[in-house]
Each structure stands twice: as C-alpha cells, then as structure tokens.
Amino acid sequence: MSTLFINISLVSFMVVIALMITFSHRLFAIIIMSGAYSLISAAMFVNLDAVDVAFTEAAVGAGFSTVLFLAAMAWLPAEEKRNKALVILPLMICLFTGSLLMWAVAYLPALGDPASVVHQHVAPRYLAESYDKLHIPNVVTTVLASYRGFDTLGETIVIFTAGLGVLLILMGKTGRSPKPKKVDISAKVSEARDEDVNEK
Amino acid sequence: MKNNPILRVISKTLFAPIILYGLYVQFHGDFGPGGGFQAGVIIAAAFILYGMVFSLDELKLLAPPSIVHALMALGALIYAGVGIATFLLGAEFLNYDVLADYPAKGQHYGIILVEFGVGLTVASTILGLFMAFAGFDIPRYSAREKDAKPANKAGAKSPKKRASDD
C-alpha cells in the first residue's frame with residue numbers, strides 16, 4: 001500500500017515537472033527541471049528494487065547530463081524562441097502515440113510476475129546455479145560480467161567509441177594534434193584572378 | 001565560484017568521500033548493488049564537482065586530458081585483454097574459469113578485472129566529455145573561418161583597387 005502511495009506521488013511529480021518543462025521558455029529553468037525529473041525517476045527505480053539503474057540514473061541523468069546541458073547553454077540565448085503557430089499535427093502524433101502506449105501497457109504482464117515470459121527463458125538457470133558456481137551473491141553482477149560478458153565488452157566499446165567521436169568533434173582545432181600548414185585558398189584564387197586580368 | 005568559501009570548503013570536503021564511495025561501489029559490486037558503470041560515473045562526478053567549483057584549468061592540472069584520453073582506451077583494453085588472456089590459457093574468449101586454480105576463484109578474478117576496465121573507461125569518458133564541453137570555445141573552434149574572412153575582404157578589395165587604377 002505504501003509502495004503504491006509512493007509510486008503515485010512520484011509519478012504525479014513527474015507529470016507536473018513534464019508540464020512545467022513544456023510551458024517554460026527559460027532554458028536554465030528547463031535544464032534544472034529535467035535534472036529534477038531524472039532524480040525523481042531514480043527514486044522510482046529504487047522503489048522498483050532496481051538500485052543499479054537508480055545509481056546510473058541519478059549520476060548520469062540528474063548529474064552529468066544537467067552539467068553538459070548547462071555547458072551547452074553558455075552558447076545559447078537565455079530564452080527559448082516563442083512559437084506562436086498552432087502545432088496541431090505534432091500534438092495529434094503525441095496523443096496518438098501516447099494512447100497507443102497506454103493501450104499496450106494493459107497487455108503487459110504484472111510487475112514482478114514470476115510466470116511472465118521474460119522470467120522463463122534463462123533467468124531461472126542463472127538464479128539457481130550462479131551462487132553455487134561462482135560464489136557471488138549479486139546475480140546482476142554475475143549475469144552482467146560473466147554470463148553476458150561478451151555483451152558488456154560490446155557496451156564498453158560503445159561507450160569508448162561514442163566518447164571518442166564526441167571528443168573528435170568538439171576539440172576541433174584545439175586538440176593537441178600538430179597544426180596543419182595553412183594554405184590560404186582564397187588568396188591564391190584572387191592571385192590567379194589578378195593574373196588572368198593582367199593577361200587580358 | 002572559486003571565491004565562494006561555502007562552495008570551496010564543501011567541494012573540497014566532499015571530494016575524497018565521493019571517490020571512496022565510488023571505489024566501494026566498484027569493488028563491492030559482487031556483493032551489493034553496483035559495478036563498473038555506476039562506479040565510473042560516481043568517480044567522474046567527484047572530478048566534475050572539482051572542475052565546476054575551481055576552474056577548468058585547475059581540473060586539467062589534477063587530471064591532464066592526455067592521461068584521461070589514454071585511460072579511455074586502457075579500460076576497454078583491460079576488458080578485451082582479459083578475454084585474450086583466457087584465450088591464451090586455453091579456454092573460450094572471456095571464460096574466466098581458467099584464470100585461477102579453481103573455476104569459482106577464476107570467475108572472481110575475471111569479474112573484478114573486467115569491472116575495473118569498465119569503470120576506468122566510463123569514468124575517463126565522462127570526465128573527457130565534461131572537459132571537452134566545458135572547454136569548448138566557438139572562436140577557437142572556428143579559427144579557420146575567421147582566418148579566411150580577412151583574406152576574402154582583401155580579395156574583395158583588390159578588384160576595387162584595380163578599378164581605381166584603371
């Protein structure tokens with residue numbers, strides 16, 4: 001009962017913050033509110049016993065991405081441009097997708113239902129044998145690092161590659177790579193044009 | 001923010017406990033919730049706090065970008081290296097059983113090494129991204145376009161000069 005009460009209050013907080021984000025035009029307020037939204041969803045993950053996900057959401061969603069948005073905001077005007085045109089089509093698409101998702105939720109298995117399909121495939125084997133085989137009490141860690149070690153290697157490579165890509169884009173000419181010798185093309189073009197004119 | 005005593009004292013006081021907590025999450029991940037991904041983000045958060053309160057230059061002294069960028073690759077290499085090591089010891093890729101005398105101990109070693117690699121990559125990637133974002137500078141970034149502009153003006157001027165000469 002208390003879990004239900006906590007869930008309802010958290011979800012209503014999230015809805016209020018989402019509406020405030022939609023109607024606000026000040027970028028700083030929007031960024032801070034999206035950080036608060038992430039913090040509340042982290043609290044929801046704790047309530048769902050997914051503490052690992054809550055950790056990540058609190059640190060990345062509420063902390064790191066807020067900092068990145070603030071850093072990006074330094075290059076933007078403080079207020080969002082007000083859009084006075086009626087936006088019927090996006091509203092219709094949002095309402096349609098939202099109602100479709102709400103309709104689909106009714107067909108999902110109940111939360112934590114042991115008979116649902118996802119808990120029937122390999123999960124029983126992991127739960128039954130992981131402690132006897134590995135002597136590690138946290139099944140999440142054994143699945144992540146041992147049973148699914150190859151997938152986690154892929155995830156690590158993805159993080160590395162994504163970081164590398166963003167760094168290459170952002171560092172531009174400020175990186176430590178040696179400066180390429182500047183060739184001033186426009187000067188050369190004007191020189192050539194001058195020569196043409198002289199010849200004529 | 002460097003001159004605000006409250007921020008300065010609190011961030012200095014929090015720096016070590018945050019890193020200690022990150023190490024706890026990293027190496028206690030076998031027994032409690034946590035692991036490399038979470039620990040990496042928490043440790044990076046300590047450095048980001050330091051960089052936000054003191055300046056980016058101070059952060060670059062504490063964590064030189066060249067080392068941070070090298071650690072990004074090192075973490076992924078440690079992870080893949082464990083896989084290669086199990087290869088060489090005669091088992092499948094990332095089958096940690098062969099890393100020690102008996103399988104369960106080998107799995108412990110393997111998981112701790114692999115999680116360490118993940119934590120290293122995540123922490124240094126996030127820190128590197130923060131430094132790249134915070135140090136991003138449009139005038140310096142588009143230095144090339146600015147250099148080109150005066151040349152264009154000169155190019156535009158020269159026809160006028162010719163016209164007056166004529």
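The values are calculated or read from the model by the stated rules, or taken from the named source; none is laboratory data. Fair warning: this is a prediction, and the values are worked out from it, not measured in the lab. Backbone-built Cβ (ideal geometry, glycine too); neighbour counts: all protein chains shown. With ligands, DNA and RNA removed, areas are computed over all heavy atoms of the protein, side chains included. Shrake-Rupley method; radii C 1.70, N 1.55, O 1.52, S 1.80 Å.
Odds and ends about this structure:
- Boolean, B:PRO17 is within 11 Å of chain A (Cβ to nearest Cβ) and either under 14 Å from the mean Cα position of the chain (by Cα) or not aromatic (Phe, Trp, Tyr) (or both): no
- Candidates A:ILE136, A:ILE93: the one that is farther than 30 Å from B:TYR102 by Cβ and either open to solvent by less than 100 Å² (accessible area, probe 1.4 Å) or assigned to a helix (DSSP H, G or I) (or both) is A:ILE93.
Let's see how each residue does on (1) in a helix (DSSP H, G or I); (2) more than 9 Å from chain B (Cβ to nearest Cβ):
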{"position": "A:SER41", "(1), (2)": "yes, yes"}
{"position": "A:ASP49", "(1), (2)": "no, yes"}
{"position": "A:THR56", "(1), (2)": "yes, no"}
{"position": "A:ALA59", "(1), (2)": "yes, no"}
{"position": "A:ALA62", "(1), (2)": "yes, yes"}
{"position": "A:SER65", "(1), (2)": "yes, yes"}
{"position": "A:PHE69", "(1), (2)": "yes, yes"}
{"position": "A:LEU76", "(1), (2)": "no, yes"}
{"position": "A:ALA85", "(1), (2)": "no, yes"}
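- Any chance A:VAL67 is at pLDDT 85 or above and open to solvent by 40 Å² or more (accessible area, probe 1.4 Å): no
- From the options A:THR152, A:THR141, residue that is touching an Asp or Glu at 6+ places or on another chain (Cβ under 8 Å), at the interface with another protein chain (Cβ under 10 Å from one of its Cβ atoms) and either under 30 Å from B:PHE116 (Cβ atoms) or of a type outside the set (A, V, I, L, M, F, W, C) (or both): A:THR141
- Scanning the stretch A:111-127 for residues that are open to solvent by 70 Å² or more (accessible area, probe 1.4 Å), within 18 Å of A:ASP49 (Cα to Cα) and not in a helix (DSSP H, G or I) returns A:LEU111, A:PRO114.
- Put simply, of B:SER55, B:SER66 the only residue that is within 12 Å of another protein chain (Cβ to nearest Cβ) and either of a type in the set (Gly, Ala, Ser) or open to solvent by 60 Å² or more (accessible area, probe 1.4 Å) (or both) is B:SER66.
- Picking from residues in the stretch B:69-101 that are surrounded by 15 or more Cβ atoms within 10 Å (Cβ to Cβ) and of a type in the set (Val, Ile, Thr), the one that is farthest from the chain's Cα centre (by Cα) is B:VAL98.
- Which listed residue is more than 21 Å from A:ALA18 (Cβ to Cβ), small (Gly, Ala, Ser), surrounded by 10 or more Cβ atoms within 10 Å (Cβ to Cβ) and within 17 Å of the chain's Cα centre (by Cα), from A:ALA54, A:ALA78, A:ALA59: A:ALA59
- Yes/no for A:PHE23 being over 22 Å from A:ALA110 (Cα atoms), over 20 Å from the mean Cα position of the chain (by Cα), open to solvent by 50 Å² or more (accessible area, probe 1.4 Å) and away from chain B (no Cβ under 14 Å): yes
- Test: A:ILE17 is hydrophobic (A, V, I, L, M, F, W, C), assigned by TED's automatic domain parsing to the domain that holds A:VAL87, more than 29 Å from B:TYR24 (Cα to Cα) and open to solvent by less than 30 Å² (accessible area, probe 1.4 Å): yes
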